[in-house]
Amino acid sequence: MTLAALQTRFQTAILSEDRTILADINTSQQLTSEARFGIYADAYHLRLAGFLAEDFKVLHSAIGDETFDALREAYIGATPSRHRNARWYARDLPDFMQANPPWNASRILIDFARLERALADAFDAADAAACTVATLAALAPEQWPQMRFSFHPSAEVLRLAKGIAAAFEAAAAETPCPPPDQAQDEILLVWRNRDAQTLYRALEPGEALAIREAIAGKSFGEICTLLQFSDAADSETIAGRAAAYLAQWFTDGLIIAVCDEPIVWR
């Protein structure tokens, strides 16, 4: 057997806990073949556990050591590492919780994990220079209805249980907080700003609708029309509200491009 073939078998054995590899591992004076193999298998397991602990510190704080350890072991048992970059190993934890008992019984815990995952993704998202509101000066007033916007790669809109943001902050600070309401929703915007800070804020329903449609490629005029259908306010008031949302997006560093024709999404 070549060295490359043995290394491949050894890696496969660690990932699958296949003990037939022990026949190809020599026993030393100090350690059996099983003990020698176990050193590497345990190190692999501990590394995966470390990735999860690092990426979900607030979730860990919220649920305590015992429950987090049980979740971590269940995830590791069901999810071998398939990426060279350790950054991606833990990203599917919220989906794992959503799909598996007993974790899927608690929307609050799943939403904690989703928010913490989104903040990590925003931190690692690609760089892109944000536009200033002066960008709009390049467009004539008659072009505004056709305006479309490209958003920073870190921007993500989440629908979570009402009160998750406050509970998340309390868990991070290890202070008490009323439990979130699983029966109601709040919409959070997560992004990374010009100063490389990962931030989140709650969106009222109108802005939540507007930013989702803007991210999807709808024009400013189309967004105003959708807002008017969802609200009894007159068109002038709706346009003013949409303009206020737009100004806030520029202030937050969310918009990286503006054009007056459909954006080709790749």
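The numbers here are math on the coordinates, done by the rules we state, and not lab data. Keep in mind it's a predicted model, so treat the numbers as computed, not measured. FYI the Cβ positions are ideal-geometry reconstructions off the backbone, even for glycines, and counts take in every protein chain you see.
Here are a few things to note about the model shown:
- Estimated at 0.36 nm per residue, the fully extended path between Leu46 and Thr135 surpasses their Cα-Cα distance by 27.1 nm.
- Within the range 96-183, the GluC sites (Glu not before Pro) that combine a DSSP coil assignment with at most 16 other C-beta atoms in a 10 angstrom radius are Glu174.
- With R₀ set to 30 Å, the beta-carbon distance separating Asp69 from Gln184 gives a calculated FRET efficiency near 0.45.
- Within the range 136-155: backbone nitrogen closer than 20 Å to the Ser230 label point (7 Å, Cα to C-beta): 145-152, 155
- Whether the range 126-266 is rounded, prolate or oblate, judged on the alpha carbon gyration tensor where a/c under 1.5 counts as rounded: oblate
- Note on Arg84 and Ala202: the extension gain reaches 39.0 nm, defined as 0.36 nm multiplied by sequence separation minus the Cα-Cα distance.
- A Förster radius of 30 Å combined with the Cβ-Cβ distance from Ala244 to Asp124 puts the calculated FRET efficiency at roughly 0.45.
- Sorted by Cβ neighbour density within 10 Å, fewest at the top, the residues His60, His83: His83, His60
- Each of Glu186, Glu54, Glu222 was scored by other Cβ atoms within 10 Å of its Cβ. Listed from fewest to most, they are Glu54, Glu222, Glu186.
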